Amino acid sequence: MDHVLSIADNYIFTPYVYPTSWPEDGALRQIITLWVLTNLGAELLYMGFGALSFYYVFDHKLMKHPYFIKNQVRQEIQLGMTAIFWMTFPTVALFFWEVRGHSKLYDNISESSLGWPGVFLSIAGFLFFTDMCIYWIHRCMHHKKIYKHLHKQHHIFKIPTPFASHAFHPLDGFLQSLPYHVYPFIFPLHKMVYLSLFIFVNIWTISIHDGDNRIPGPQIWMINGAAHHVDHHLFFNYNYGQYFTLWDKLGGSYRYPSALLQKGPHDHIRKLMKEAAQSQ
């Protein structure tokens with residue numbers, strides 16, 4: 001985040017916002033700026049890519065499903081925007097710690113002992129590590145003593161739209177995002193790769209809520225896509241994973257997507273429409 005902070009300071013905050021008495025490396029100024037950038041960036045990512053997915057990918061026929069609740073899209077957006085606002089506070093604390101040089105983030109490829117191969121290994125490591133951690137955090141959120149206090153808000157939406165992607169209780173959302181921020185404190189990671197991965201995971205989270213089930217056949221056993229995640233919303237105790245199906249298979253919580261067995265929400269809608277046409 002120090003690159004983003006530097007660019008924002010150079011072009012916006014130093015010339016137009018802060019008084020000259022506030023140095024750019026001042027802790028309070030950095031915290032305030034990071035909060036503004038994180039909150040604004042996360043809200044724009046959520047609303048921007050959520051809207052694109054909702055209008056161009058999401059099948060609006062799903063809104064006719066019996067489980068689709070009244071004013072659902074508005075509720076999803078309200079909960080998502082509120083969650084992001086509160087989640088940014090602890091997130092900024094971690095970003096601030098990174099900016100102050102306490103992580104293992106680095107600027108130049110030459111700083112990695114493995115060079116470019118190390119960059120690609122770090123991406124694979126990030127995906128594996130975060131998928132593993134999120135699986136167990138997510139599964140813990142379904143424990144009966146925790147679920148009703150935190151994760152239940154997200155499961156109100158049994159037929160989610162892309163706007164449900166960030167519609168969490170703020171603590172639930174932050175805990176599930178924590179692995180992304182912890183990784184660079186444990187393992188080396190290029191700063192621009194980290195920023196790119198942070199954007200990627202937000203887009204991925206939107207994509208698994210968009211109801212689009214087009215994953216190439218051979219990859220359906222490995223990639224946790226929208227078809228898997230919709231079944232998680234419908235059947236509760238299955239498909240907790242974020243990107244992959246590995247941990248669900250190891251943890252005994254894998255469910256082959258009902259949508260690929262012609263028993264998913266789209267099929268239910270087609271059945272209802274057919275019955276309605278026959279009754280006329």
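Residue-level check: of (1) in a helix (DSSP H, G or I); (2) surrounded by fewer than 15 Cβ atoms within 10 Å (Cβ to Cβ); (3) more than 19 Å from the chain's Cα centre (by Cα), F96 misses just (2).
Please find, within the range 165-191, the residue that is surrounded by the fewest Cβ atoms within 10 Å (Cβ to Cβ) out of those that are under 13 Å from the mean Cα position of the chain (by Cα) and hydroxyl-bearing (S, T, Y). Out of the qualifying residues, it is Y180.
Inside the range 120-141, residues that are touching a residue at least 24 places away in the same chain (Cβ under 8 Å), surrounded by fewer than 17 Cβ atoms within 10 Å (Cβ to Cβ) and over 26 Å from K191 (Cα atoms) make up a count of 2.
Can you find a residue that is farther than 19 Å from F198 by Cα, out of contact with any helix residue (DSSP H, G or I) (no Cβ under 8 Å at 6 or more places or on another chain) and not hydroxyl-bearing (S, T, Y) anywhere in the range 79-86? No, the range 79-86 contains no residue that is farther than 19 Å from F198 by Cα, out of contact with any helix residue (DSSP H, G or I) (no Cβ under 8 Å at 6 or more places or on another chain) and not hydroxyl-bearing (S, T, Y).
Considering the range 139-164, and only residues there that are under 18 Å from the mean Cα position of the chain (by Cα) and among the basic types (K, R), the residue that is farthest from Y56 (Cα to Cα) turns out to be R139.
Kindly provide the set of residues from the range 205-226 that are polar (S, T, N, Q) and either in contact with a Ser or Thr (Cβ under 9 Å, 6 or more places away or on another chain) or crowded, with 24+ Cβ neighbours inside 10 Å (or both), ordered by number. Passing the criteria: T205, S207, N224.
Yes/no matrix, rows are residues, columns are (1) among the polar types (S, T, N, Q); (2) assigned to a helix (DSSP H, G or I):
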| position | (1), (2) |
| --- | --- |
| M87 | no, yes |
| P90 | no, yes |
| G101 | no, no |
| S110 | yes, yes |
| P117 | no, yes |
| F120 | no, yes |
| G125 | no, yes |
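In the set (1) more than 24 Å from the chain's Cα centre (by Cα); (2) surrounded by fewer than 16 Cβ atoms within 10 Å (Cβ to Cβ); (3) of a type in the set (K, R), the condition left unmet by R29 is number (2).
For the range 14-21, the count of residues that are touching a Ser or Thr at 6+ places or on another chain (Cβ under 9 Å) and exposed (fewer than 14 other Cβ atoms within 10 Å of the Cβ) is nonzero. Among the residues of the range 254-272, the ones that are loosely packed, with under 15 Cβ neighbours inside 10 Å and in a loop (DSSP other than H, G, I, E, B) come to 2 in all. Checking the structure you have, find out if any residue of the range 45-58 is in contact (Cβ under 8 Å) with a residue 24 or more places away in the chain and either in contact with a Leu (Cβ under 9 Å, 6 or more places away or on another chain) or among the acidic types (D, E) (or both). The answer is no, given that none of the residues of the range 45-58 is in contact (Cβ under 8 Å) with a residue 24 or more places away in the chain and either in contact with a Leu (Cβ under 9 Å, 6 or more places away or on another chain) or among the acidic types (D, E) (or both). If only residues of the range 97-125 that are of a type in the set (F, W, Y) and out of contact with any strand residue (DSSP E or B) (no Cβ under 7 Å at 6 or more places or on another chain) are counted, the one that is nearest to V182 (Cα to Cα) is W97. Number of residues in the range 71-93 that are surrounded by fewer than 19 Cβ atoms within 10 Å (Cβ to Cβ) and under 21 Å from the mean Cα position of the chain (by Cα) equals 11.
Step by step: first the residues of the range 19-44, then only those that are touching a residue at least 40 places away in the same chain (Cβ under 8 Å) and not acidic (D, E), then the one that is nearest to N202 (Cα to Cα). Which residue is that?
If we filter the range 19-44 for residues that are touching a residue at least 40 places away in the same chain (Cβ under 8 Å), which is where we start, we get 27, 30-31, 34-35, 38-39, 42-43.
Restricting the remaining residues to those that are not acidic (D, E) gives 27, 30-31, 34-35, 38-39, 42.
On the way: A27: 27, Q30: 24, I31: 22, L34: 18, W35: 18, T38: 13, N39: 13, A42: 8 Å.
Looking at the filtered set, the residue picked out is A42.
Read-outs throughout are calculated quantities, based only on the coordinates presented, and are distinct from any laboratory measurement. A quick note: this is a predicted structure, and the numbers were derived from the prediction, not measured. For neighbour counting, all protein chains shown are included, and Cβ atoms are generated from backbone atoms with ideal geometry for every residue, glycine included.
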